[in-house]
Number of protein chains: 2
Amino acid sequence: MRQDIILSGAGGQGLILAGAILAEAAGVVEGKEVVQTQAYGIQARGGASQSTVIVSDSRIKFPEVLEPDILLCLSQEAYNRYMPNLKQRGLLIIDQDLVNAENVRPDIRVVALPFTAEAERINRRIVANVMALGTLAVLTGVVKPESLAQALPSRLPERNWPIAQEALAVGVKLGKGVLSA
Amino acid sequence: MRQDIILSGAGGQGLILAGAILAEAAGVVEGKEVVQTQAYGIQARGGASQSTVIVSDSRIKFPEVLEPDILLCLSQEAYNRYMPNLKQRGLLIIDQDLVNAENVRPDIRVVALPFTAEAERINRRIVANVMALGTLAVLTGVVKPESLAQALPSRLPERNWPIAQEALAVGVKLGKGVLSA
């Protein structure tokens, strides 16, 4: 099984970092096949920023993501740009306060959660990315939340470890809330 | 103009980090078009580790690296794996103490330097990656050494900034030595 993921948002929201953490968790901690890509330049300018991660049980022959199975959007612009390519019956995860997802295709499963507001509540808006990863892990099974927790230290300065682990735990809880709803 | 680069070596030599630094320097600091990719899993196991970086003045339409213009190898296994794909008249940069590049194709330009030995001399074997980036920058012009220096802090813990900047300076000097030879 192969899952194609796009993590998107505005510059400064840490989506490239989120992609690196997800890739490390799936590829290094869990030993899955992973290809992770980020673009800088035309694609990245104008506010939108994205990282793609492919996670697979077998060798990844085609390393590009054309139609993601899973799309995370933390900004309206990223939503406008990437949403049209989301696969049939794909999963869309958005920040409910930053993205207006009206009139979304009826085949899409939409999960809207207050990542950034929750991140502000624990005092660091910047960890909304890690929180969203926790939710994505719970909802998709693409990686275990414990693997994300294990991957965090290698990608973050030590002073940010506690807040990132807290954000991850909140994200996992938000995801479990969706599952049990 | 587009330049395709593969940074390769063994796990633990920091090639994925080197790719991230190069991408940040070219894409964020210099505002060029950049696509950076790393793979974990079958491709990454068995000792070999690699990161690919595409740097271009215009939009990157095909984001895969099949035949690099520039190949950095810090291990024999990486050399054995990636060397056959190096483009005609491509540039091969190797660690002279870790890679045996006998019988290399006559069209290839080979630059063999003691990155790891020099990194050990300044007390941190792990900065051979940053040193090699400095040499690569001087020899190829793909990015300015100053842009690498500017990109380092966002990718390394603060305690490693001085040693990384020193390694970068040594790499630049090694590169200039090659140019003037």
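Observations, loosely collected:
- In this assembly of identical copies, the label point of B:Gly11 (Cα plus 7 Å along Cα-to-Cβ) is separated from its counterparts by 3.6 nm, sorted shortest first.
- For A:Thr135, B:Thr37, the sequence from fewest to most other C-beta atoms within 10 Å is B:Thr37, A:Thr135.
- Placing R0 at 56 angstrom, the Cβ-Cβ distance between A:Ala117 and B:Thr140 gives a FRET efficiency of 0.75 after rounding to 0.05.
- Kyte-Doolittle mean at least -0.5 and Cα axial length at least 27 Å: DSSP H helices in chain A: A:161-180
- Using θ = phi - 60° in the Karplus curve 6.51 cos²θ - 1.76 cosθ + 1.60, the 3J(HN,Hα) couplings for segment B:26-36 round to 6, x, 8, 5, 9, x, 7, 7, 9, 10, 10 Hz; x is entered for Gly and Pro.
- Counting only lysines at least 8 places from A:Lys61 when in the same chain, those with an alpha carbon closer than 23 Å to its own are A:Lys32, A:Lys87, B:Lys61, B:Lys87.
- Sorted from shortest to longest, the distances between the B:Pro106 label points of this copy and the other copies are 7.0 nm, with each point 7 Å from Cα along the line through the beta carbon.
- Per-residue Cβ neighbour counts within 10 Å put B:Phe115, B:Phe62 in the sequence B:Phe62, B:Phe115, beginning with the fewest.
- Near the amide H of A:Val111, within less than 5 Å, lie the amide hydrogens of A:Leu92, A:Ile93, A:Ile94, all on another chain or at least 5 residues away, with H placed in the peptide plane.
- Spatially, segment A:35-111 and segment B:126-178 are offset by 34 Å when compared through their Cα centroids.
- A simple count of charges around A:Ala132, restricted to other residues whose Cβ falls under 11 Å of its Cβ and scoring Lys, Arg +1 and Asp, Glu -1, yields -2.
- Across peptide B:157-164, the average count of Cβ atoms from other chains found within 10 Å of a residue's Cβ is 1.
- Where a label projected 7 Å from the Cα of B:Glu64 along Cα→Cβ would reach, residues of segment A:2-24 with amide N under 18 Å: A:2-5
- Minimum Cβ-to-axis distance in chain B for the rotation onto chain A, with residue, whole Å: B:Thr37, 2
- Estimated dipole of segment B:66-165 in Debye, rounded to 20 [Cβ of Lys and Arg +1, of Asp and Glu -1, Cα centre]: 160
- Sorted from shortest to longest, the distances between the B:Thr140 label points of this copy and the other copies are 3.0 nm, with each point 7 Å from Cα along the line through the beta carbon.
- Sorted peptide list for B:63-69, B:18-24, criterion being average Cβ within 10 angstrom, highest first: B:18-24, B:63-69
Here, each number is a calculation from the coordinates, and none is a lab measurement. This structure is a prediction, so every number in the text was calculated from the model and none was measured. In this analysis, Cβ positions are derived from the backbone assuming ideal geometry, glycine residues included, and neighbour counts consider all displayed protein chains.
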